[in-house]
Amino acid sequence: MKSVNRLQLERQGYCILHQRITAHRLREIQDYCSQVLTNVTDEHRAFFKAQGCIADISDYPMFADVLSDACLTKLFADLALPGYVFSSGSVISKPPMSPALFWHQDWWGWDDAISYSERILQVNLMIYLSPTNVENGCLRVIPGSHRRKHSLHGFDVAYGASMCRVENPEHPLYQSWSGEQAIEVMPGDIVVKDARLLHSTYANTSDAERTLLSLNFNPDFANLPERVQARITHIFMRDRVHKKRGGTQWLNHRRLA
Ligand SMILES: O=C(O)CCC(=O)C(=O)O
């Protein structure tokens, strides 16, 4: 029988696993993330103003401990997602008084029919290290948008520099949309989302920075189509050429109404 979390992940495109990490491991993650944040340059923060900062953890082998933690093994067992591989991860941190993140989804395989199926191809685990709420710019999602159409799918994919730098804060992709849901969590909670889910964040209007560790995994990797496997391998190897390929735009006619 499927767990409640698995059913929610399938139907809503996300679920929240509360307090699954030991206090010791959580402190370690906080310490690792602080180390990463001390190396983030002003140029990086200016470029990724919408995200706050998004620092690749591949430069920090110490995160291997986190990736092999038993809590993640248990989490994937609870979600009935065996055979997963890790592809990429980052430390994301929104400074005080920083803007909203634009609406987007993390999946890139829209050229493959499998992207329009029930199969969960990629999950993003977000391990929050600070309490989050609307005031400090928490995550917001459109439940069900990993499979069903939403007006936001009508916008061209907008991951470019201009959106990251927030050159036009009035752009509709930074605004609130019908059906959005705020995801407020506590340190140690893990938000698991299907990479196809539309998400963004509110602006951080508080006087405190808020941080999370974001990890991407591909369940049942061995049975993914070969070209999807190849692209995941490129991402893992940090071969940024994958960004120049097609498939980052969802095809509306193939989504559920
Ligand atoms: O900052 C967050 O809470 C989430 C950020 C996120 O989902 C992203 O950068 O894609």
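Any read-out appearing in this document is the output of simple, stated calculations on the displayed coordinates, not a laboratory observation. Worth saying up front: this structure is predicted, and the values here are computed from it rather than measured. Cβ atoms come from the backbone with ideal geometry, glycine included; neighbour counts cover every protein chain shown.
The phi torsions of the stretch 172-187, fed into the Karplus equation with coefficients 6.51, -1.76 and 1.60 and a -60° offset, translate into couplings of x, 6, 9, 8, 6, 10, 4, x, 6, 10, 6, 10, 9, 9, 10, x Hz, rounded to whole numbers, with Gly and Pro shown as x. Taken about its Cα centre, the chain carries a charge dipole of about 760 debye when Lys and Arg each add +1 at the Cβ and Asp and Glu each add -1 at the Cβ.
So for each of 203-214, 59-70 I average, over its residues, the number of other beta carbons within 10 Å; can you give me the resulting order with the highest mean first? It would help to have the intermediate numbers written out before the result.
Values: 203-214: 19.2, 59-70: 13.1.
Highest mean packing first, the order is 203-214, 59-70.
Would you please classify the overall shape of the chain from the alpha carbon gyration tensor, given that a ≥ b ≥ c denote the square roots of the eigenvalues, rounded means a/c under 1.5, and beyond that prolate means a/b larger than b/c while oblate covers the rest? Judged from the Cα gyration tensor, the chain comes out rounded (a/c under 1.5). From least to most packed, judged by other beta carbons within 10 angstrom and beginning with the fewest, ASP56, ASP189 follow the order ASP56, ASP189.
With +1 on each Lys and Arg Cβ and -1 on each Asp and Glu Cβ, how big is the dipole of the stretch 1-143 about its Cα centre, in debye rounded to the nearest 20? Mind showing how you got there, number by number?
Numbers: 12 positive and 15 negative charges, 106 e Å.
Approximately 500 debye in magnitude.
Cα centroids of the stretch 1-56 and the stretch 142-180: 21 Å apart. A simple count of charges around ASN133, restricted to other residues whose Cβ falls under 13 Å of its Cβ and scoring Lys, Arg +1 and Asp, Glu -1, yields 0.
Note on the chain: antiparallel DSSP beta bridges, both residues inside, total approximately 95 percent of the bridges counted.
Based on C-alpha pairs under 8 angstrom that are at least 6 apart in sequence, the stretch 25-124 has a relative contact order of 33 percent.
The number of Lys pairs in the chain with C-alpha atoms less than 20 Å apart, excluding pairs fewer than 8 positions apart on the same chain, is 7.
Less than 15 Å Cβ to Cβ from VAL40, Lys/Arg counted +1 and Asp/Glu -1: what total charge do the surrounding residues give? Mind dumping the intermediate values first?
Values: positive: ARG45, LYS49, LYS94, ARG210; negative: ASP42, GLU43, ASP56, ASP59, GLU209.
With Lys, Arg at +1 and Asp, Glu at -1, the net is -1.
In this simple spin-label approximation, SER176 and ARG119 carry label points 7 Å from Cα along the Cα→Cβ vector, and these lie 3.9 nm apart.
Let me make sure I get this right: for the stretch 117-212, a, b and c are the square roots of the gyration tensor eigenvalues over alpha carbons, sorted descending. Under 1.5 in a/c it's rounded, otherwise prolate if a/b > b/c, else oblate. Which is it? Can you show the working numbers first?
Numbers: a/c = 1.78, a/b = 1.10, b/c = 1.62.
The shape class here is oblate.
Shape verdict for the stretch 51-141, please, from the Cα gyration tensor: rounded (a/c under 1.5), prolate (a/b greater than b/c) or oblate. It would help to have the intermediate numbers written out before the result.
On the way: a/c = 1.76, a/b = 1.24, b/c = 1.41.
Oblate.
If I stretch the segment between ASP111 and LEU37 completely, what's the gain in nm (0.36 nm per residue apart, minus their alpha carbon distance), one decimal? Show your work: numbers first, answer last.
On the way: separation 74, 0.36 × 74 = 26.64 nm, distance 3.54 nm.
Fully extending the segment from ASP111 to LEU37 adds 23.1 nm.
Each of SER206, SER58, VAL40 was scored by the projection of its Cα onto the charge dipole of the chain, and the greatest displacement toward the positive side belongs to SER58; charges sit on the C-beta of Lys, Arg, Asp and Glu. Other residues within the sphere of radius under 14 Å centred on the Cβ of VAL166, judged by their own Cβ, net out at +2 (K and R +1, D and E -1).
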